[in-house]
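Student: Pasting a structure below so you can have a look.
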Amino acid sequence: MTETSPVAHPSDRIVAQGLTKSYGAVRAVRGLDLELQRGSTVALLGPNGAGKTTTIDMVIGLTKPDAGSVSLFGHSPTAAVKAGMIGAMTQTGQLIEYLSVRELVSMMAAIYPAPLDVDEALRISGADDFADRQTRKLSGGETQRVRFAIALVADAELLVLDEPTVALDVEGRRDFWSAMRAFAARGKTVIFATHYLDEADAYADRIVLMSHGRIVADGAPTEIKATVGGRIIRATLPDVELSDLSAMRGVTAVDRKGDAITLNCSDSDATLRDLFASFPLIRDIEVRGAGLEEAFLELTVDDEATP
Amino acid sequence: MIELTYLRYEVLRTWRNRRFLLFSLIFPLVLFLTVAGAHRHAVVEHVSFPLYYMTGMIAWGSMVAVISSGARIAAERSVGWTRQLRITPLPTWSYFAAKVFCGYMMALLSMAVLFGAGSFMGVRLAATQWFVMIGLLLVGLIPFAVMGIMFGHLLKLDSLGPAIGGVTALFSLLGGAYGPLITGGFLFGVVKVLPSYWLVQAGKTALDGGGWPLEAWIVVAVWSVICSALAVRIYQRDTKRI
């Protein structure tokens with residue numbers, strides 16, 4: 001499901017081909033192909049161990065792939081890093097001591113060819129409130145903001161964020177993503193990894209769903225949901241056999257709690273017709289689009305069996 | 001060329017690290033003032049004891065300064081900072097060069113403080129003697145600066161303090177920084193291939209107005225080359241896995 005415009009040029013794209021990486025017996029990434037357009041915001045979504053971090057590390061040149069290649073706007077990862085084209089926030093990492101937040105961000109700004117104004121980076125990341133505090137006196141959430149400011153201050157073509165909101169509370173997460181959006185709005189390309197489904201749904205224009213080192217779905221959030229049918233029917237229906245329900249058209253999964261039933265459907269229209277025909281007493285019917293959570297479970301659970 | 005703003009913040013960080021100041025500046029100074037002060041009018045090997053002891057303390061203090069500066073890389077590795085730097089345009093050699101620069105800055109500061117304390121104790125040297133002494137010390141510190149970077153990649157954070165303390169103490173002791181420990185026999189031959197021996201001798205030979213013998217240059221060069229080769233290997237091993 002790769003979108004390739006007829007005039008696509010290497011300098012407008014990030015291309016990963018056949019990326020493969022194993023750590024001992026663990027096959028972290030197994031032949032991953034991906035093509036991203038400049039200016040897009042892409043979420044790498046998947047459970048822990050799906051290979052998101054390994055993929056990101058190969059894209060930014062921190063890890064050498066066993067096989068395959070990465071081209072960032074026509075450059076190798078190493079060349080792109082040297083040219084200051086990447087701003088990144090890796091999954092783990094603390095800050096160095098004996099500097100204030102502003103001093104640290106200034107220090108990092110100095111090594112990029114065309115950095116963002118330091119105060120601007122501090123403001124966007126929300127680190128301006130504690131810019132004069134020493135780095136060792138920060139909370140986990142504050143540290144994340146400073147790390148974000150460091151990634152932003154590069155003013156790089158590509159911003160890479162690996163599970164950036166892990167240490168943040170709900171409000172912090174919202175602030176973080178609106179800051180990321182503001183940055184992306186300047187025509188920058190953003191790749192972020194997350195296992196928070198709502199984040200991928202709300203903030204990416206494309207979701208690449210990963211499981212066991214492979215891409216299992218790729219598309220706009222709405223497409224991901226459509227791929228798995230994506231409707232859930234809830235209703236009140238006493239005294240019904242679950243097997244009768246699962247035998248109906250369009251039903252992929254059934255569940256019951258007391259009199260309340262929940263049906264996951266690939267074709268909810270057909271299911272509803274069958275429900276009314278078979279169970280005239282059914283009431284409290286509620287139909288909604290399945291969230292990414294359901295899509296996520298459906299796509300990744302199937303893959304569990306593959307070694 | 002190291003980016004100057006980057007270097008300025010590295011210098012600031014070094015200066016604000018009180019523990020670092022304590023070990024490379026205060027300890028040698030206190031030891032000098034106590035020991036040399038107690039034997040202020042004594043004469044050893046034809047020179048006044050304060051002058052003799054000052055050269056030893058300078059060797060020790062400056063050695064601690066350059067080794068610990070590189071070894072601080074271990075702390076930055078342990079918090080994932082070196083990994084962060086690898087995704088910036090900062091070349092690895094610039095990162096190391098900044099550490100070496102800060103180490104030398106502290107070494108020079110340590111020398112200045114001890115020279116000051118020395119003249120307070122009546123040490124008087126000619127300008128050429130100062131000049132030769134400082135020049136030889138700066139060259140003699142090269143293997144230790146490289147050793148620091150090597151330790152920075154070899155050691156875990158919690159073993160850093162004891163390891164650096166032990167290594168510098170051993171080098172200083174055998175090299176004669178606290179006084180001549182071994183002066184003859186087979187062991188003296190061993191001592192003479194240590195870079196710390198020549199670091200201590202940098203002060204002593206400068207007093208005679210001469211420089212190092214050829215032997216000293218060879219020892220310092222060989223140690224520098226071996227430590228550099230080891231540091232490169234260890235660095236490559238360290239970055240491969242991550």
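Every number here is computed from the coordinates shown, using simple stated rules; none is lab data. A quick note: this is a predicted structure, and the numbers were derived from the prediction, not measured. Counting neighbours? That spans all protein chains shown, and the Cβs are built from the backbone with ideal geometry, glycine included.
Student: How big is D, in µm² s⁻¹, for chain A by Stokes-Einstein at 20 °C and 1.002 mPa s if Rh is the Kirkwood radius over C-alpha pairs?
Tutor: For the chosen part, D equals 100 µm²/s.
Student: To the nearest whole number, what is the average tally of beta carbon atoms from other chains within 10 Å of the beta carbons of peptide A:83-90?
Tutor: Taking all residues of A:83-90 together, the mean is 3.
Student: May I pose another question? For the range B:4-241, what is the relative contact order in percent, using Cα pairs closer than 8 Å and at least 6 residues apart in sequence?
Tutor: For the range B:4-241, the relative contact order is 25 percent.
Student: Still on this model: Which number comes out as Rg/Rh for the protein assembly as shown once both Rg and the Kirkwood Rh are worked out on C-alpha atoms?
Tutor: Reported Rg/Rh (Cα atoms, Kirkwood Rh): 1.16.
Student: May I pose another question? Considering every residue in B:70-78, what mean count of other chain Cβ atoms within 10 Å of its Cβ is obtained?
Tutor: So the per-residue partner count for this stretch is 1.
Student: In vacuum, with every alpha carbon of the range B:14-85 counted as one equal point scatterer, what does the Debye formula give for log10 I(q)/I(0) at q = 0.22, 0.25 Å⁻¹? Two decimals, please.
Tutor: -0.92, -1.04
Student: Enumerate the amide H contacts of A:Thr252 below 5 Å, restricted to partners 5 or more residues apart or on another chain; note that Pro and chain-start residues carry no placed amide H.
Tutor: Amide H to amide H, under 5 Å and 5 or more residues apart or across chains, A:Thr252 pairs with A:Asn264, A:Cys265, A:Ser266.
Student: Moving to a separate point now. Computed from the mean reciprocal separation of all distinct C-alpha pairs, what Kirkwood hydrodynamic radius does the range B:4-241 have, in Å?
Tutor: 18.3
Student: In whole Hz, what ³J(HN,Hα) sequence does the range A:133-138 give by Karplus (6.51, -1.76, 1.60; θ = phi - 60°), x for Gly and Pro?
Tutor: 3J(HN,Hα) across the range A:133-138, in whole Hz: 7, 5, 4, 7, 9, 9.
Student: In addition: State, in angstrom, two size descriptors of the range A:60-191 derived from its alpha carbons: Rg to one decimal place and Dmax to the nearest whole number.
Tutor: 14.6, 45
Student: Now for a separate question. Where does the range A:231-289 land on Rg(C-alpha)/(2.2 N^0.38 Å)?
Tutor: That ratio works out to 0.95.
Student: Additional query: Can you list the HN-Hα couplings for the range A:99-114, worked out from phi with the Karplus curve (6.51, -1.76, 1.60; θ = phi - 60°), rounded to whole Hz and with x for Gly and Pro?
Tutor: Computed from phi, the couplings for the range A:99-114 are 9, 7, 4, 5, 5, 5, 5, 5, 4, 6, 4, 5, 9, 9, x, 9 Hz.
Student: Viscosity 0.890 mPa s, temperature 25 °C: Stokes-Einstein D of the range A:194-262 from its Kirkwood Cα radius, in µm² per second?
Tutor: Roughly 170 µm²/s, to the nearest whole number.
Student: In the range B:77-186, how does Rg compare with the Kirkwood Rh, expressed as the Rg/Rh ratio over alpha carbon atoms?
Tutor: My calculation of the ratio gives 1.05.
Student: Which lysines does B:Lys192 reach when only Cα atoms under 23 Å apart count, and residues fewer than 8 places away in its own chain are ignored?
Tutor: Counting by Cα, and skipping residues close in sequence, B:Lys192 has these lysines nearby: B:Lys204.
Student: Something else about it: Any chance you could give the angle, 0 to 90 degrees and rounded to 10, that helix A:140-153 forms with the longest Cα principal axis of chain A?
Tutor: With rounding to tens, the tilt is 60 degrees.
Student: Give A:Lys137/A:Lys188; A:Lys21/B:Lys99; A:Lys82/B:Lys99 a once-over and call out the pairs whose C-alpha atoms are over 28 Å from each other.
Tutor: Over 28 Å Cα-Cα: A:Lys137/A:Lys188; A:Lys21/B:Lys99.
Student: What is the helix-to-structure angle for B:157-175, meaning the angle in degrees between its Cα long axis and the longest Cα principal axis of chain B, kept from 0 to 90 and rounded to the nearest 10?
Tutor: Once rounded, the angle reads 30 degrees.
Student: Amide H neighbours of A:Ala220 under 5 Å, counting only residues 5+ apart in sequence or on other chains, H built in-plane at 1.01 Å?
Tutor: Amide H neighbours of A:Ala220: A:Ile207.
Student: Roughly how tilted is helix B:49-71, in degrees to the nearest 10 and between 0 and 90, from the longest Cα axis of chain B?
Tutor: Between helix and principal axis, roughly 0 degrees.
Student: Considering Cα pairs under 8 angstrom that are at least six residues apart, work out the relative contact order of chain A and quote it in whole percent.
Tutor: 19
Student: In whole Å and largest first, what semi-axes does the C-alpha gyration tensor of the range A:153-193 yield when each eigenvalue is scaled by 5 and square-rooted?
Tutor: Equivalent ellipsoid semi-axes, largest first: 19, 11, 8 Å.
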